[in-house]
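Before any comments, here is the structure.
The values are calculated or read from the model by the stated rules, or taken from the named source; none is laboratory data. Treat the numbers as computed from the prediction; the structure is a model and nothing was measured. Cβ atoms come from the backbone with ideal geometry, glycine included; neighbour counts cover every protein chain shown. For accessibility, only protein heavy atoms count, side chains too; no ligands or nucleic acids. Shrake-Rupley method; radii C 1.70, N 1.55, O 1.52, S 1.80 Å.
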Amino acid sequence: MADTTAPSTTAPTSTTAPGRRKAVSLTRTPTWAWALPPVFVLALGFLYPLALVVRQSFTPESLEDGGASLTPYTEVFASTVFREALTTTVWLAVGATVGCLVLGFVLALVIAFVPFPGGKAVARFIDVFLSFPSFLITLALLFIYGSVGMANGAWTGVTGAAEGPFHFLTTPWGVLLAEITYFTPFVMRPLLAAFSQLDTAQLEVASSLGAGPVRIVRQVILPEALPALAAGGSLVLVLCLNEFGIVLFTGAKGVTTLPMLVYSKAILESDYPAACVVAVVNIALSVGLYSLYRVVSRRAGA
């Protein structure tokens with residue numbers, strides 16, 4: 001008698017029980033939870049102190065109850081010292097940025113396209129130079145051009161004069177020189193990276209067509225370097241706006257920038273509301289320039 005039992009068509013059951021699958025999904029960490037630790041650290045280490053500075057800037061010392069007032073802002077904005085410090089800060093930052101762009105572009109061109117012994121070592125030294133503190137460069141300039149530096153010592157040794165002619169380090173021009181010296185590698189680093197990606201065949205074709213070095217730089221190299229120049233220049237501009245060590249170590253008493261004014265108001269005069277007002281202005285200026293750079297670079301496709 002034939003077996004009329006039909007073969008079983010029942011699909012094999014899953015070895016994972018529904019209850020177990022549910023338990024796994026419940027123990028899975030949500031994506032947003034991973035953002036909590038860095039947000040907490042950022043809020044505790046930066047946003048909270050910044051909020052305290054902003055709150056202090058609206059709290060004049062005359063209000064014992066800690067109420068808010070615009071008096072610190074009106075007093076600071078009306079002072080001649082603040083306006084002079086703001087003007088000095090802006091023109092030093094702009095002047096240093098322009099100097100760094102010009103000098104950095106020329107030096108990066110030489111390192112990238114002019115073969116010379118030790119060129120690779122110089123390029124590596126730029127990376128090391130970026131780790132140097134700003135006051136170290138200022139001290140080096142003081143050893144060379146200071147009142148008792150090597151240049152003045154050589155001058156007095158040769159001429160017999162009582163003092164040398166080099167006293168510019170204690171002037172705004174000395175601060176400008178120190179900032180250009182220190183911040184130029186911040187422009188050179190992105191430029192060298194951009195030049196390394198440049199197709200040398202373009203340079204050879206332009207040269208074979210009779211283009212001179214100046215024309216090659218202007219029409220071939222410069223357009224490729226514009227995003228790197230924008231990035232390096234914006235970084236230098238923001239750093240110069242907030243530079244403190246260079247101005248302090250040059251001993252330029254007649255040069256007062258916004259960071260120096262914050263130091264003077266907070267440490268020397270104990271006027272904390274005024275110091276916080278100047279700090280808020282400095283932060284707003286830096287953030288505004290950075291935001292403007294982001295907008296321009298986004299539209300330019302940099």
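Results, tabulated for the structure shown:
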quantity	calculated
Separation of the Thr171 and Val295 label points, Cα + 7 Å toward Cβ, nm	3.8
Rough spin-label spacing in nm, given labels placed 7 Å along Cα→Cβ, for Val41 and Ala121	3.9
Helix runs (DSSP H) in the chain reaching 18 Å along axis by Cα, Kyte-Doolittle at least 1.6	80-113, 222-241
Selection from Val277, Leu222, Val287, by position along the positive dipole direction of the chain (Cβ)	Leu222
Tensor-based shape of the chain (alpha-carbon gyration tensor, a/c under 1.5 rounded, otherwise prolate or oblate)	oblate
Residue (of Pro185, Ile267, Thr88) at the positive-pole extreme of the range 44-300, dipole from beta-carbon charges	Pro185
Value at 222 nm in deg cm²/dmol, rounded to 500, when DSSP H runs of n ≥ 4 in the chain each add -39,500 (n - 2.57)	-21000 deg cm²/dmol
DSSP loop GluC sites (Glu not before Pro) with at most 14 other Cβ within 10 Å excluded, longest remaining stretch of the chain	164-268
The range 44-300 - charge dipole about Cα centre, Lys and Arg +1 at Cβ, Asp and Glu -1, debye rounded to 20	800
Residue (of Ala121, Gly174, Ala154) at the positive-pole extreme of the range 50-179, dipole from beta-carbon charges	Ala121
Tensor-based shape of the range 58-180 (alpha-carbon gyration tensor, a/c under 1.5 rounded, otherwise prolate or oblate)	oblate
Linear extension gain, Val98 paired with Leu70, 0.36 nm per residue minus alpha-carbon span	6.5 nm
Global form of the range 183-302, assessed from the alpha-carbon gyration tensor, a/c cut-off 1.5	prolate
Length-normalised contact order for the chain - Cα pairs under 8 Å, 6+ apart - percent	25
Charge context of Pro133, other residues only, Cβ under 14 angstrom, K/R +1, D/E -1	-2
Simple label model, 7 Å out from Cα along Cβ direction - Leu136 to Lys253, nm	3.0
Filtered trypsin sites (Lys or Arg not before Pro), the range 205-268: DSSP coil and at most 14 other beta carbons within 10 Å	Lys253
Probe 1.4 Å - accessible area at Arg294, Å² to nearest ten	110
Gain upon complete extension [Phe113, Glu224; 0.36 nm per residue less C-alpha separation]	38.5 nm
